[in-house]
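S.K.: Let me begin by handing over the structure; questions about it come next.
The values are calculated or read from the model by the stated rules, or taken from the named source; none is laboratory data. Keep in mind that this is a model prediction, so the values were computed, not measured. Don't worry about glycine lacking a Cβ; one is built from the backbone with ideal geometry, like all the others, and counts go over all protein chains shown.
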Amino acid sequence: ETDPAPPLGDETAEVDFQSFVGRMRKAVKAHDVNTLASMMTPDFAYVLGATPTEDRQGAGVFQFWDENALWIELDGILSERFVQKENYMVAPPQFADPATDYVGYRAGIKRINGSWKFAYFVNG
């Protein structure tokens, strides 16, 4: 008998969430692509609305970040507070606020099979 997944609620206080975000921030600052790749979902989204045919985890996304000088942008977004939006934890908090017409970069983290995964970093 398995316990049903707990409702998301305020995950930001959870130790495993804080630990995940801390590791992610450190990996981004260090451009540690191996660590980052291990933290991402296989279908990691990095271009809004696009569905590239190549493997979306790893080289493609990091090359995209390099070519578009997005590491600094990502670092900035990850320094923001994460809040819940549907079944993701997102940053910056403005992205989750329906009253704000936020169109900048945003990052999303999702719990998959009990583990946190970096699911997207997109603009728009």
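Results for (1) at pLDDT 95 or above; (2) buried (at least 16 other Cβ atoms within 10 Å of the Cβ); (3) closer than 18 Å to GLY124 by Cα; (4) out of contact with any Lys or Arg (no Cβ under 8 Å at 6 or more places or on another chain), shown as yes or no for each residue.
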position: LEU8; (1), (2), (3), (4): no, no, no, no
position: PHE20; (1), (2), (3), (4): yes, yes, no, yes
position: THR51; (1), (2), (3), (4): no, no, yes, yes
position: ALA59; (1), (2), (3), (4): no, no, no, yes
position: ASN68; (1), (2), (3), (4): no, no, yes, yes
position: ASN87; (1), (2), (3), (4): no, no, no, no
position: VAL103; (1), (2), (3), (4): no, no, yes, yes
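S.K.: What is the residue count in segment 77-103 for residues that are more than 15 Å from PHE17 (Cβ to Cβ), assigned to a loop (DSSP other than H, G, I, E, B) and free of Cβ contacts under 8 Å to residues at least 24 places away in the same chain?
M.R.: Matching residues across segment 77-103 total 9.
S.K.: Residue check, VAL47 against (1) modelled with pLDDT of 95 or more; (2) over 13 Å from ARG111 (Cα atoms); (3) hydrophobic (A, V, I, L, M, F, W, C), all met but one. Which one?
M.R.: (1)
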